[in-house]
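Q: Sharing a structure below in structure tokens format, with a few things to ask.
The values are calculated or read from the model by the stated rules, or taken from the named source; none is laboratory data. If you're wondering where the values come from, they're calculated on a predicted model, not measured in any experiment. As a convention, Cβ positions derive from the backbone with ideal geometry for all residues, glycine included, and neighbour counts pool all protein chains shown. Side chains included, ligands, DNA and RNA excluded: accessible areas come from the protein's heavy atoms. Shrake-Rupley method; radii C 1.70, N 1.55, O 1.52, S 1.80 Å.
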Amino acid sequence: MYEEPAKTLVAWMKVVFLTVLIALAARQFLFEPVAVHGKSMMPTIEENDKIVISKISRIDNFDLIVFVAPDHKNLIKRVIGIPGDRIEMKEDHLYINGQLKEEPYLKQNRIEAVQKGYSRLTEDMVEFTIPSGCYYVMGDNRLNSIDSRMLGFIQEEDIVGEVKFRIGPAEHAGMIE
């Protein structure tokens, strides 16, 4: 008489257990939600935005990544240089491997910098090469960002994942470029 409800309960417990196990595995190895703190990526990503990172992505120039900083905090920045790249900053223009690169994500910050009396967002940097297993990152809000200019190269093993999309707040939800 009670066998049928007991079998149903056991079946549901198995489903719930497997669902939780799959969700935990996906969070550990594939995707992870992250809350953003700080203003170093504004206006691309704003304080208290909720993002999802992929832990299995190939990292390229201009990708947004989350990494563990030397103080053990997670930071989010834009990848400027990948292993083997030659990076140079001259008169507020970025050169990668000798080629001038447009940085359209800096447009709003350039306007605000001029309004505050700054002639440029980034000081000149003599050309340097990114070592193997390392990345060079900068915040989009260059005047207010702790990034590779202070921290040095980011080690590949310190990268948590690549930002894929924003899940909150709702009016900002969607893919991030």
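Q: Taking the residues in segment 25-59 that are part of a loop (DSSP other than H, G, I, E, B), open to solvent by 50 Å² or more (accessible area, probe 1.4 Å) and within 15 Å of residue 160 (Cα to Cα) as candidates, determine which candidate is modelled with the lowest pLDDT. Spell out the reasoning first.
A: Of segment 25-59, the ones part of a loop (DSSP other than H, G, I, E, B) are 30, 36-49, 55-59.
With open to solvent by 50 Å² or more (accessible area, probe 1.4 Å) added as a condition, the list becomes 30, 37, 39, 42-43, 46-48, 55-56, 58.
Now drop any that are not within 15 Å of residue 160 (Cα to Cα), which leaves 30, 55-56, 58.
Working: 30: 53, 55: 83, 56: 81, 58: 91.
Result: 30.
Q: Quick check on my filter: what residues within segment 128-145 are over 16 Å from residue 44 (Cβ atoms) and open to solvent by 30 Å² or more (accessible area, probe 1.4 Å)? Spell out how you get there, then give the answer.
A: Keep residues of segment 128-145 that are over 16 Å from residue 44 (Cβ atoms), which gives 128-136.
128, 129, 131, 132 - these are the residues of segment 128-145 that are over 16 Å from residue 44 (Cβ atoms) and open to solvent by 30 Å² or more (accessible area, probe 1.4 Å).
Q: Suppose we filter segment 120-177 for residues that are part of a strand (DSSP E or B), among the charged types (D, E, K, R) and at pLDDT below 95; how many remain?
A: Of all residues in segment 120-177, those part of a strand (DSSP E or B) come to 125-129, 134-138, 154-155, 159-168, 174-175.
Adding the requirement that they be among the charged types (D, E, K, R) leaves 127, 162, 164, 166.
Now restrict to residues that are at pLDDT below 95: 162, 164, 166.
The qualifying residues number 3.
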